[in-house]
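The values are calculated or read from the model by the stated rules, or taken from the named source; none is laboratory data. Computed from a prediction, not measured in an experiment: that's the story for all the values here. Here the Cβ is made from the backbone with ideal geometry for all residues, glycine too, and neighbour counts use every protein chain on show.
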Amino acid sequence: MTATAPTIHTAQTGGPIGTAETVIVLLHGFGSHEGDLPSLVPLIAEQLGGDVAWASLRAPFDLPTGGAAWFPITTPGVPDVEPVLQATEAIWQWVDANLSPTARIVPIGFSQGGLMATQLLRTRPDRVVATVVFGGFVLQGSQALDNALAENRPAVFWGRGGDDQVIARVAIERTEQWLPEHSALEAHVYPGLTHAISREELADATAFIAAHTDLGGDQA
């Protein structure tokens, strides 16, 4: 992977992302790509009862397999901090360049992308209306706005498979401690689910989005 500062070069989008006041930002997992998670959007929109503005970003580090990563895997569950911070900044640069200055985002991340979703919350919580983490975890260590999050308790959905063998236990334990201390957490463990997103999990997450954003009709 390159040592130069990462940039988001590729994204798939839908709806009026430049003018919408709430935009779903999809963040794929390690080795995947920007075309992976948009398949969730029709199901989300159907449950919400209308179209949604969304963007699916390609992680900045290309892999030999043709996929991409948000950061290198060094010690499983304990990534090097600096590449994560650089990828976080790359996402915000894309958001600032492509969305309305007043828009708030709903990050939806899977696996590595789930960590990135929590990073967006931990760095610019004023721009995040609700956070959805599928099979992901939080970065180790404290960050500058963690105390403010602990006081304000933003809405976070964390779903994971009961049979997920991909995410290291140390990362799960860290997340089990950090999220309840820093958010208004809705957590679900789905028996029999591996490292994937089930229909039940997606339905629960979409109900969460409806309850905490303006994307659910009259809900706010």
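Laid out as a table, the results:
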{"item": "Residues satisfying the stated conditions in region 121-158, i.e. surrounded by 21 or more Cβ atoms within 10 Å (Cβ to Cβ) and of a type in the set (K, R)", "result": "R122"}
{"item": "Test set (1) at negative phi; (2) crowded, with 18+ Cβ neighbours inside 10 Å; (3) touching a Phe, Trp or Tyr at 6+ places or on another chain (Cβ under 9 Å) - H182 fails condition number", "result": "(3)"}
{"item": "Residue check for V106: at pLDDT 95 or above, out of contact with any Asp or Glu (no Cβ under 7 Å at 6 or more places or on another chain) and either polar (S, T, N, Q) or crowded, with 21+ Cβ neighbours inside 10 Å (or both)", "result": "yes"}
{"item": "Test: residue in region 66-84 that is farther than 29 Å from E173 by Cα, part of a loop (DSSP other than H, G, I, E, B) and at pLDDT below 95", "result": "yes"}
{"item": "Count - residues of region 203-220 that are under 27 Å from A148 (Cβ atoms), small (G, A, S), at pLDDT below 95 and surrounded by fewer than 17 Cβ atoms within 10 Å (Cβ to Cβ)", "result": "1"}
{"item": "Region 137-166, residues that are touching a Lys or Arg at 6+ places or on another chain (Cβ under 7 Å) and among the β-branched types (V, I, T)", "result": "V138"}
{"item": "Residue in region 171-193 that is over 16 Å from the mean Cα position of the chain (by Cα), under 21 Å from P79 (Cβ atoms), of a type in the set (K, R) and part of a helix (DSSP H, G or I) present", "result": "yes"}
{"item": "Matching residues, region 48-65, being buried (at least 18 other Cβ atoms within 10 Å of the Cβ) and either of a type in the set (A, V, I, L, M) or closer than 21 Å to I197 by Cα (or both)", "result": "L48, V52, A53, W54, A55, S56, L57, R58, A59"}
{"item": "Which listed residue, of E200, E186, E173, E181, is closer than 21 Å to D36 by Cβ and either in contact with a helix residue (DSSP H, G or I) (Cβ under 8 Å, 6 or more places away or on another chain) or modelled with pLDDT of 95 or more (or both)", "result": "E200"}
{"item": "Selection count where residues are without any contact (Cβ under 8 Å) to a residue 40 or more places away in the chain and either of a type outside the set (G, A, S) or in contact with a strand residue (DSSP E or B) (Cβ under 7 Å, 6 or more places away or on another chain) (or both), scope region 64-74", "result": "4"}
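Matching residues to (1) part of a helix (DSSP H, G or I); (2) touching an Asp or Glu at 6+ places or on another chain (Cβ under 8 Å); (3) surrounded by 18 or more Cβ atoms within 10 Å (Cβ to Cβ):
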{"position": "G29", "(1), (2), (3)": "no, yes, yes"}
{"position": "E34", "(1), (2), (3)": "no, no, yes"}
{"position": "E46", "(1), (2), (3)": "yes, no, no"}
{"position": "W92", "(1), (2), (3)": "yes, no, no"}
{"position": "D96", "(1), (2), (3)": "yes, no, no"}
{"position": "Q119", "(1), (2), (3)": "yes, no, yes"}
